[in-house]
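The structure under discussion appears below in the form of structure tokens.
The values are calculated or read from the model by the stated rules, or taken from the named source; none is laboratory data. Given the structure is predicted, the values throughout are model-derived calculations rather than measurements. Please note: Cβ atoms are built from the backbone with ideal geometry, for glycine as well, and neighbour counts cover all protein chains shown.
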Amino acid sequence: GAVVSQHPSRVICKSGTSVKIECRSLDFQATTMFWYRQFPKKSLMLMATSNEGSKATYEQGVEKDKFLINHASLTLSTLTVTSAHPEDSSFYICSARDPQGMNTEAFFGQGTRLTVV
Amino acid sequence: AQSVTQPDIHITVSEGASLELRCNYSYGATPYLFWYVQSPGQGLQLLLKYFSGDTLVQGIKGFEAEFKRSQSSFNLRKPSVHWSDAAEYFCAVGARAGKSTFGDGTTLTVKP
């Protein structure tokens, strides 16, 4: 299957700083990527849909000014957590859809564990 | 709106025993259904998927799932569980756009 790479896998940042997470599709061009957040012992919650060359579509209740998403190229989407606070600590996972693929499944990155101290 | 229910929060089975994890979905059209496995601190690995055709789907690691439209179910099965199967399992339903809605997950513990 297609490969999606997420970086970094772990990051610790100080409260009030910003942190950027990258999601790359390595062997296909992804016009659409998705960002999920997973709380401990909880399911994945879709945060936003990232569309190449246009603004991201955020799910209800997700602060777009806090979670900035940029999809500047067909292989890269970034999620920036701005002015991070301890409550932003979580596991963030991206997925990317291969529009040329036979099916509509999305391929997941390995996730980023964010800890805000 | 689409939704997924995994009725079992936690299941414990003995190594070598059979396993069935339940998944029920609600979706307004033909569903695209997935099962994923997640080890602690790791991302998601796709076990199997159903888009159309044969309702019994074979996946990796000896897993299979059966789509039953009349019951809105997509249960995951494995005839003989290995200790390495202990993990979190998520059922998901996806739209054509690739956006997925996940169930709350089932934690599988395997007893020696």
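Of the strands (runs of 3 or more DSSP E) lying entirely inside region A:1-101, the ones with 3 or more residues being not polar (S, T, N, Q) are found at A:10-13, A:19-25, A:32-38, A:44-51, A:67-73, A:76-81, A:90-97. Looking at region A:1-60, which of its residues are more than 30 Å from residue B:9 (Cβ to Cβ) and touching an Asp or Glu at 6+ places or on another chain (Cβ under 6 Å)? Selection gives A:2, A:3, A:7, A:28, A:31. The strands (runs of 3 or more DSSP E) found entirely in region B:21-102 that carry 2 or more residues being within 14 Å of the chain's Cα centre (by Cα), among the small types (Gly, Ala, Ser) and at pLDDT 90 or above are B:87-94.
Looking across B:51, B:34, B:102, one residue alone is hydrophobic (A, V, I, L, M, F, W, C), surrounded by fewer than 20 Cβ atoms within 10 Å (Cβ to Cβ) and within 14 Å of chain A (Cβ to nearest Cβ). It is B:51. Among the candidates A:60, A:6, A:38, single out the residue that is surrounded by fewer than 17 Cβ atoms within 10 Å (Cβ to Cβ) and among the polar types (S, T, N, Q). Unique residue meeting the criteria: A:60. Does at least one position in region A:87-100 carry a residue that is more than 14 Å from chain B (Cβ to nearest Cβ) and over 14 Å from the mean Cα position of the chain (by Cα)? Yes; the residues of region A:87-100 include at least one that is more than 14 Å from chain B (Cβ to nearest Cβ) and over 14 Å from the mean Cα position of the chain (by Cα).
Against the conditions (1) buried (at least 21 other Cβ atoms within 10 Å of the Cβ); (2) more than 13 Å from chain B (Cβ to nearest Cβ); (3) on the phi > 0 side of the Ramachandran plot, residue A:16 satisfies every one except (1). The sole residue among A:74, A:44, A:68 that is surrounded by fewer than 20 Cβ atoms within 10 Å (Cβ to Cβ), under 30 Å from residue B:52 (Cα atoms) and either touching a residue at least 24 places away in the same chain (Cβ under 8 Å) or away from every other protein chain (no Cβ under 14 Å) (or both) is A:74.
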